[in-house]
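Contents: one structure, followed by commentary.
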């Protein structure tokens, strides 16, 4: 859970684009980063997972997950630890917060129209930001090492 402190920073295209990278990809462009990651490593076994808050709550987030490994604006994390942290932080702000984990098709991440087919999901396309957010995501992604090889495991990315 990453609270945005810049008033209007998510809705105002100029303020949104001016956010530091970590904040930009934590608050409103997480889906673009997940898409860039999966596109950069198509055979790595990662899938986009939407953390969808239960009805009446906010705090959506999309991460790339493979088995017990997640990638988002933090870099690589233990998926269960990351989700537990996310849940704990959300409950500090919104007591009773909970979420469902929904695997999304990759193309949903860069299509407003396709994202609208999911109840409560409405994602901006990369070019719907002040500038194209995909090259920015690719540059941010370059700061992190390639994903480690997949261990032999059949575990699900869900809880």
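List of remarks:
- For first residues located in segment 57-79 and in contact (Cβ under 8 Å) with a residue 24 or more places away in the chain and on the phi > 0 side of the Ramachandran plot, partners that are in a strand (DSSP E or B) and surrounded by 16 or more Cβ atoms within 10 Å (Cβ to Cβ) and lie 6+ apart or on another chain with Cβ distances below 9 Å form the pairs 59/51; 59/53; 59/99.
For (1) crowded, with 16+ Cβ neighbours inside 10 Å; (2) at pLDDT 95 or above, each residue gets a yes or a no:
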| site | (1), (2) |
| --- | --- |
| 48 | yes, yes |
| 60 | yes, no |
| 66 | yes, yes |
| 80 | no, yes |
| 86 | yes, no |
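- Summed over segment 106-120, residues that are touching a residue at least 24 places away in the same chain (Cβ under 8 Å) and surrounded by fewer than 18 Cβ atoms within 10 Å (Cβ to Cβ) total 3.
- Pairs, first within 11 Å of residue 136 (Cβ to Cβ) in segment 15-29, second at pLDDT 90 or above and not in a loop (DSSP other than H, G, I, E, B), C-beta under 6 Å, six or more apart: 21/140; 25/33; 29/133
- Failed item in (1) surrounded by 12 or more Cβ atoms within 10 Å (Cβ to Cβ); (2) under 25 Å from residue 18 (Cα atoms), with residue 127 passing the rest: (1)
- From the list 39, 22, the one residue that fits, being modelled with pLDDT under 95, out of contact with any strand residue (DSSP E or B) (no Cβ under 7 Å at 6 or more places or on another chain) and within 17 Å of residue 144 (Cα to Cα), is 22.
The values are calculated or read from the model by the stated rules, or taken from the named source; none is laboratory data. Because the structure is predicted, anything quoted here is derived from the model rather than measured. Neighbour counts run over all protein chains shown; Cβ positions are idealised from the backbone, glycine included.
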